[in-house]
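See below for the structure under consideration.
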Amino acid sequence: MSSALLRHLRALHRLGPANNDHLSALRVAVSVAVPSLALLFLGRPELIIYAVFGALTGMYGRSEPHQLRLVHQAQAALVLLSGVGVGIFLSVNHLHSWWLVGVEAALAGVGSVFSDKVNLKPNGPFFGILALGACASVPTTVPWFAALLIAAASAAFSLVIGFGGWIRGRAWQPGAVRSATPLRGPRRQAAIIHAARYVMAVGAAGAIGVLSGSGHPHWAMAAAAVPLAGADLPSSVHRGLHRIMGTFLGLVLVAVVLLPVPWAPMQAFPGAEAAVLALLVIVFQFTTELFMTRHYGLAMVSFTPVILLMTQLAAPADPYVLITERAVETVVGAVIGILVIVLVRPRSQAHRARKAIWRAASRDPR
């Protein structure tokens, strides 16, 4: 049992093999940078949040040839823009609190089924529900269709950047399709159970966030979805722990940037703070993608500032409250996600898990 624990502890800090990560990170950084800098130039930094979520389309299909990447990213754009669109609808109509929890939990289940059906990578509807919660939590300062158009244009630009490999290769594979298995039989049952996990975990985390009086319950809901993307129980637990540890380290970076003292010299330069925050969002998104497949915890160290800084651009808040609530909601959500993974499984998986635990406890070598 102790040797198994040591293996899991080593896996927590093990760095995965590199796979042209700098190219994927560069594609995502360019996808984020161009629309974000355009909005900054137009004097509308509060709208960068919509551009960034559209640009996250570039995170998908990283290791696929341009032909299949185009299909993959189009499927991902559907998930992201659905989240942005629903979030904008909730914001415009001032539907928060329990409305947000119910809608986001339901769409997490729907997104899970769609993600399983088309085999999205990264797994699951995480970025879609993150976009939903974030866009619902900030006021919309432009007409709803303008905000959605910004996200859609950013996603379209990401598709263009992702298809850029055609310029170098200019090869088309007739009949090439993305791998996807129809949801039938056992696979369909597994997909339904997995979707139910998302609904339960996201709903429970959001309910706790609302009952606790948090101003950002969507952070707990997003954190609850993270462990559910794991391929098995150990990887799910690792993702949950990585989420917590990476977020806490990322919050140190956020504190350095947002707490009052560093910004004192900039008070004489209107707009300087917004420009710096926007540039940091671009830089941190690059480093996020650089480690996303190699070490989820390290990726979260960078992704945490991305989310908080663009939230601060969209709706400035007390940095101390922002950092505290992010820390608490992340722990609550990740723990709930892990608990749901452990408690809600198909009978065959539960039986194998109990058997493995019994063998480890009894030191049975079989």
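Observations
- Subset of the range 283-316 [among the hydrophobic types (A, V, I, L, M, F, W, C), more than 22 Å from Thr140 (Cα to Cα) and either surrounded by fewer than 23 Cβ atoms within 10 Å (Cβ to Cβ) or touching an Asp or Glu at 6+ places or on another chain (Cβ under 8 Å) (or both)]: Val283, Phe286, Leu290, Phe291, Met292, Leu298, Ala299
- Looking only at the range 114-146, and only at residues there that are over 17 Å from Pro45 (Cα atoms) and assigned to a loop (DSSP other than H, G, I, E, B), the one that is modelled with the highest pLDDT: Pro125
- Residue that is surrounded by the fewest Cβ atoms within 10 Å (Cβ to Cβ) [pool: residues in the range 79-99 that are of a type in the set (Gly, Ala, Ser) and within 18 Å of Pro217 (Cβ to Cβ)]: Ser97
- Sole residue being part of a helix (DSSP H, G or I) and either farther than 26 Å from Arg326 by Cβ or free of Cβ contacts under 8 Å to residues at least 40 places away in the same chain (or both), chosen from Leu81, Leu56, Leu90, Leu149: Leu149
- Near pairs, Cβ below 8 angstrom, 6+ apart or cross-chain, from the range 117-135 (within 15 Å of Gly337 (Cβ to Cβ)) to any residue that is among the polar types (S, T, N, Q) and buried (at least 18 other Cβ atoms within 10 Å of the Cβ): Asn123/Ser115; Gly124/Ser112; Gly124/Ser115; Pro125/Ser112; Pro125/Ser115
- Any hit, the range 214-226, residues being farther than 19 Å from Phe127 by Cα and not aliphatic (A, V, I, L, M): yes
- Residue match in the range 14-30 (condition: part of a helix (DSSP H, G or I), polar (S, T, N, Q) and either under 17 Å from the mean Cα position of the chain (by Cα) or modelled with pLDDT of 85 or more (or both)): yes
- Looking only at the range 225-262, and only at residues there that are hydroxyl-bearing (Ser, Thr, Tyr) and modelled with pLDDT of 85 or more, the one that is surrounded by the most Cβ atoms within 10 Å (Cβ to Cβ): Thr247
The rows are residues; the columns are (1) touching a Leu at 6+ places or on another chain (Cβ under 9 Å); (2) touching a residue at least 12 places away in the same chain (Cβ under 8 Å); (3) part of a helix (DSSP H, G or I); (4) of a type in the set (A, V, I, L, M, F, W, C).
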| site | (1), (2), (3), (4) |
| --- | --- |
| Ile307 | yes, yes, yes, yes |
| Thr311 | yes, yes, yes, no |
| Pro316 | no, no, no, no |
| Val328 | no, yes, yes, yes |
| Gly333 | no, yes, yes, no |
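The values are calculated or read from the model by the stated rules, or taken from the named source; none is laboratory data. Just so it is clear, the model here is predicted, and its values are computed rather than measured. Cβ coordinates were reconstructed from backbone atoms using ideal geometry, including for glycine residues, and neighbour counts include every protein chain displayed.
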